[in-house]
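Here is the structure we will look at.
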Amino acid sequence: MAKALKFEPDVKIRTKSYRIGCIGAGMIMAECHLAAYKQAGFPVAAIASRTRANAEKVAKRWGIPKVHATPEELIRDQSIDIIDIAYPPDQQPALIRKALKQKHIKAILAQKPLALSLKEAIRLRDEAEKAGKTLSVNQNMRYDQSMRVLKQIITSGALGDIVFAQIDMHAIPHWQGFLRKYDRLTLSNMSVHHLDVLRFLFGDPSEITTLTRKDPRTKFEHSDGIIVSTMKFPSGLMAVSLEDVWSGPRQDRYKDDQHINWRVEGTHGVARGTIGWPTGAASTLSYASAKTTGGKWVTPAWKTMWFPHAFIGVMEQLQHAVKTGTPPALSVADNVKTMALVEAGYRSIAKGRSVRLSEISTN
C-alpha cells in the first residue's frame, strides 16, 4: 500500500495585517464572519449596518472599536483597507461601486450571489478591473473542510479519473426576509453553493439540465423551490446537485432527518461524506483507493466546521492577494462563471431542455 496522504482541512494563515471594515450586522456577519475573524486574529476596525443599533450590538459583542452611522460613512473611512459586505444582492452592487471609487480601499469581499443578474455581475467584474481593485466573492463552501480534503485527494490522483459525483441535500434553509422580493430563490441562493463547489472540484461543465417544483413550506411566491441539476463535463464526468428544501414535514414529534451527503466515484476509488451545516456538526469524509489505501476505507478527522471556520479561509485568501498583488482564489472573474452556471440552470428550467454553457455569454 502506498504511503498515506497528508491533508490540510483548514488554511494556513499567511496574512492578517489589513484593517477590515464590515458592512452588515445580520446572522452571517455576526455568527460567521466575525467569529472566524476573532479566532484568526484578523483586525476588524469598524462596522456599519442599515440600523446603527444593530451594528452597535454586534460591535460590543466582538470588540469592534468603531461604529459608523451608515455603510457609506464606513466606506469613506481612510483607516479601512478591506471592505467586507454582507448585504442583500439588490443593494450590494451600489456599495461595491462606492468602494471601488475610494483610493484607500485595497479590496472588497462581497456576498453571493454577487448580484441579481449575470449581466450585473459582469459589469461589476469589469468595473473592478478598470478601477484596479481586488473584488472577491464569498463562495465559502470551497473552504469547508471535507471539500478541501476532497480536492486534495482528487488532485493526488488517488481516485483516478472521476466518473460520477453528487451532492444530495435534504435540509431546510432559513430564507432571509429580503428574498421575498425576488423571483429567484433556491437555485440562486442555495444551489449556488453546490454548483460553485462542483466547479472548484472538477472545472467548468459543458451543459446543465435543471428541473424544479415549488416548495410547499415556503409561503411567499417563488419560481424555484426544490431543485435537481444534472451536469456533464468535458471529461465525461456526470454530476448531480439536489437541493430538497422541503425534506419532509416538520411538526411536533416528527423526527428531524435533515442532512447533506456527497459522493465522488473514480476509476481508482470512491470518496463520500457529509456537510455538517444542517446539524451544526463538522463535515466528514471517508475514501478508499485501489492506488493509495489498498482498497480500505480511510477517514481523516478534524474539529473545525464549515460555519464559522471556513470564513477564515475566505478572508485569508483576500488578504494574501492584497499582500502579494496576485488574484484572489475567490476572484470575481471566476465567480462570474458560477453565476453563468446558475443562469444556465434558470434557462434550462424556462426552456425545458439541457443548456450548454456556450449559450451563456460572460463578455
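Our note on the geometry: Cα centres of region 262-281 and region 302-349, 20 Å apart. Centre-to-centre separation between the Cα atoms of region 127-200 and those of region 27-46: 21 Å.
Straight-line cross-link partners of residue 66 among the aspartates and glutamates, defined as a Cα under 18 Å from its Cα and at least 8 positions apart when in the same chain: 56, 77, 81, 84.
Kindly flag which residue pairs out of 16/60; 101/130; 112/303; 6/151; 6/296; 106/130 have an alpha-carbon separation exceeding 18 Å in this structure. Listed pairs above 18 Å: 16/60; 112/303. Of all aspartates and glutamates in the structure, the ones whose alpha carbon falls short of 13 Å from that of residue 181, not counting any fewer than 8 places away in one chain, are 90, 221.
Spin-label pair residue 297-residue 129: with each label point 7 Å from Cα along the Cα-Cβ axis, the two points sit 4.7 nm from one another. Using a cutoff of 8 angstrom between alpha carbon atoms and counting only pairs six or more residues apart, the relative contact order for region 24-111 works out to 26 percent. Fully extending the segment from residue 57 to residue 73 would add 3.9 nm, taking 0.36 nm per residue of separation and subtracting the current Cα-Cα distance.
Shown here is the pair-distance distribution of region 245-312: with all Cα-Cα distances grouped in 5 Å bins from zero up to the longest one, the shares run 4, 14, 18, 18, 15, 14, 10, 4, 2, 1 percent.
One decimal place: the segment residue 176-residue 286 gains 36.3 nm when fully extended, by the rule 0.36 nm per residue minus the C-alpha distance.
Looking at the chain, what % of its DSSP beta bridges pair antiparallel, to the nearest 5? Of all bridge pairs located within the chain, approximately 60 percent are antiparallel.
A viscosity of 0.890 mPa s and a temperature of 25 °C, combined with the Kirkwood radius over Cα pairs in Stokes-Einstein, give a translational diffusion coefficient for region 217-363 of 128 µm²/s.
As a proxy for reagent exposure, 322, 192 were ordered by neighbouring Cβ count within 10 angstrom, fewest first; the result is 322, 192.
Shape class for region 35-144: prolate, because the ratio a/c of the largest to smallest gyration tensor axis (alpha-carbon atoms, square roots of eigenvalues) is 1.5 or more and a/b beats b/c. Each of (1) 36.4; (2) 33.3; (3) 18.5 is a candidate for mean projected area of the Cα convex hull in nm²; the one calculated from this structure is (3). Exposure proxy for 275, 360: other Cβ atoms within 10 Å of each Cβ, ordered fewest to most, give 360, 275.
For the chain, what does the relative contact order come out to in percent, with C-alpha contacts under 8 Å and a separation of six or more? Intermediate results must be reported in sequence, preceding the final value.
Numbers: 746 pairs, mean separation 74.7, N = 363.
Relative contact order, the chain: 21 percent.
For region 284-292, 3J(HN,Hα) computed residue by residue from phi via the Karplus equation (6.51, -1.76, 1.60; θ = phi - 60°) reads 10, 7, 9, 8, 9, 9, 5, 8, 10 Hz, glycine and proline entered as x.
By the helix-only formula, in which each DSSP H run with n ≥ 4 contributes -39500 (n - 2.57) and the sum is divided by residues, the chain has a 222 nm mean residue ellipticity of -9000 deg cm²/dmol.
For region 1-75, build the convex hull from the C-alpha positions and give me its volume per residue in Å³.
Working: hull volume 8.1 nm³, N = 75.
It comes to 109 Å³ per residue, whole-number rounded.
When the charge dipole of the chain is built from unit charges on Cβ atoms (+1 for Lys and Arg, -1 for Asp and Glu) and taken about the Cα centre, the candidate among 179, 132, 150 whose Cα reaches farthest toward its positive end is 132. Site pair residue 333 and residue 250 shows an inter-label distance of 4.1 nm when each label is modelled 7 Å from Cα along Cα→Cβ. Enter the mean projected area of the convex hull around the alpha-carbon atoms of region 294-363, in nm², rounded to one decimal. Dividing the Cα hull surface by four gives the mean projection, 9.3 nm².
Every number in this text was worked out from the coordinates using simple rules, so none of it is lab data. The shown structure was predicted, so the numbers you read here are calculated from the model rather than taken from an experiment. Heads up, the Cβs are rebuilt from the backbone with ideal geometry, glycines too, and the neighbour counts pull from every protein chain shown.
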